[in-house]
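Below: one structure, written as structure tokens.
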Ligand SMILES: Nc1nc2c(ncn2[C@@H]2O[C@H](COP(=O)(O)OP(=O)(O)OP(=O)(O)O)[C@@H](O)[C@H]2O)c(=O)[nH]1
Ligand SMILES: [Mg+2]
């Protein structure tokens, strides 16, 4: 892909989050092995107590080790990607400075729970990963990552027969709560699924470069129900705090608070 400057003047920042062990590092290693020959990539990992994920990715040999930086959160993983993103932002910006011009910086969250999502101030687009080994019902449990991440990956589909899960049903369950947002059933060994993943990322990059990618916040909060029965998500507070913008599906409207 040509070295096209982006309107933002920086790399596309991609968040990867999801519960512990669902395959975040493996997905990043996969993307690096597929794309590092044609794109300039870098990675920031988050671990609570160690730099284990960064060491895993360096040892995978998919990227120059200097392009993989670790943030040790020392606290709940979601804090460092959502509430106080300073350490992550500094790591991303340092990589962008050291290896300019980068095409993509991938940020791996520490393994967390179904409520963790990235702040849109840290990443331009985000992937949430669950896996079949976590149980076929996980996709139905909802939460902001499953319902509103830019991409949902249902990983390790090769394990489905061994854990008694129907991956087609799991993807259908996920699709039913995502209002048309994409879902990819992935397995490291399934070429078609890996191509679907890389195609999604390249499309995001093209949109970023064209200035069409608007980071959206999956939101940290649970859905709530309005008196008229519509389900809503809290989007953001306005500076004057007089009212809030809420979003029902894709229909944004104003909503005054007492
Ligand atoms: N069978 C199978 N195993 C996979 C696949 N992807 C990842 N794994 C395995 O799942 C395990 C966890 O993968 P990781 O990539 O370390 O998961 P993670 O989400 O980064 O884990 P944490 O960072 O500790 O939360 C490893 O043993 C991987 O080899 C897959 O597509 N199929
Ligand atoms: Mg990991």
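The values are calculated or read from the model by the stated rules, or taken from the named source; none is laboratory data. Predicted model only: the values in this text are computed from it and were never measured. In this analysis, Cβ positions are derived from the backbone assuming ideal geometry, glycine residues included, and neighbour counts consider all displayed protein chains.
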Subject >> Subset of segment 54-67 [exposed (fewer than 15 other Cβ atoms within 10 Å of the Cβ) and touching a helix residue (DSSP H, G or I) at 6+ places or on another chain (Cβ under 7 Å)] >> reply: 65
Original post:
Within segment 11-18, is there a residue that is surrounded by fewer than 21 Cβ atoms within 10 Å (Cβ to Cβ) and either within 11 Å of residue 109 (Cα to Cα) or more than 11 Å from ligand 1 (Cβ to nearest atom) (or both)?
Top reply: no
Subject >> Selection status of residue 92, part of a strand (DSSP E or B) and either in contact with a helix residue (DSSP H, G or I) (Cβ under 6 Å, 6 or more places away or on another chain) or modelled with pLDDT of 95 or more (or both) >> reply: no
Original post:
Taking segment 79-109 as the region of interest, how many residues are without any contact (Cβ under 8 Å) to a residue 40 or more places away in the chain and over 23 Å from residue 58 (Cα atoms)?
Top reply: 5
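Hey, any hits in segment 14-27 for a residue that's free of Cβ contacts under 8 Å to residues at least 60 places away in the same chain and within 16 Å of ligand 2 (Cβ to nearest atom)?
Initially, segment 14-27 is screened for residues free of Cβ contacts under 8 Å to residues at least 60 places away in the same chain, giving none.
Within segment 14-27, not a single residue is free of Cβ contacts under 8 Å to residues at least 60 places away in the same chain and within 16 Å of ligand 2 (Cβ to nearest atom).
Tell me the residue from 30, 90, 63 that is within 16 Å of ligand 1 (Cβ to nearest atom) and farther than 23 Å from residue 149 by Cβ, please. Talk me through it step by step, then tell me what you get.
Numbers: 30 fails: farther than 23 Å from residue 149 by Cβ; 90 fails: within 16 Å of ligand 1 (Cβ to nearest atom).
Residue meeting the stated conditions: 63.
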**OP:** Within segment 217-240, identify whether any single residue is modelled with pLDDT of 95 or more, in contact with a strand residue (DSSP E or B) (Cβ under 8 Å, 6 or more places away or on another chain), in a loop (DSSP other than H, G, I, E, B) and more than 16 Å from ligand 1 (Cβ to nearest atom), and answer yes or no.
**Re:** no
Subject >> Residue satisfying all of: in segment 203-213; in a helix (DSSP H, G or I) and buried (at least 17 other Cβ atoms within 10 Å of the Cβ); nearest to ligand 2 (Cβ to nearest atom) among these >> reply: 204
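Is it true that residue 51 is away from ligand 1 (no atom under 15 Å from the Cβ), surrounded by fewer than 20 Cβ atoms within 10 Å (Cβ to Cβ) and more than 24 Å from residue 209 (Cα to Cα)? It would help to see each step written out before you state the result.
Details: away from ligand 1 (no atom under 15 Å from the Cβ): no; surrounded by fewer than 20 Cβ atoms within 10 Å (Cβ to Cβ): yes; more than 24 Å from residue 209 (Cα to Cα): yes.
Against the criterion (away from ligand 1 (no atom under 15 Å from the Cβ), surrounded by fewer than 20 Cβ atoms within 10 Å (Cβ to Cβ) and more than 24 Å from residue 209 (Cα to Cα)), residue 51 does not qualify.
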**OP:** Give 22, 45, 79, 73 a once-over and let me know the one that is more than 26 Å from residue 156 (Cα to Cα) and within 13 Å of ligand 1 (Cβ to nearest atom).
**Re:** 73
**OP:** Go through segment 110-188 and tell me which strands (runs of 3 or more DSSP E), entirely inside it, have 2 or more residues that are buried (at least 16 other Cβ atoms within 10 Å of the Cβ), more than 14 Å from ligand 1 (Cβ to nearest atom) and touching a residue at least 24 places away in the same chain (Cβ under 8 Å).
**Re:** 125-131, 151-155
Original post:
Hey, among the residues in segment 73-86 that are surrounded by 17 or more Cβ atoms within 10 Å (Cβ to Cβ) and modelled with pLDDT of 90 or more, which one's nearest to residue 144 (Cα to Cα)?
Top reply: 82
**OP:** Check segment 3-10 and report whether any residue there is modelled with pLDDT under 95, in contact with a helix residue (DSSP H, G or I) (Cβ under 8 Å, 6 or more places away or on another chain) and within 13 Å of ligand 1 (Cβ to nearest atom).
**Re:** no
**OP:** Please go through segment 41-84 and pick out each residue that is within 15 Å of ligand 2 (Cβ to nearest atom) and in a strand (DSSP E or B).
**Re:** 43, 44, 45, 46, 47, 68, 69, 70, 71, 72
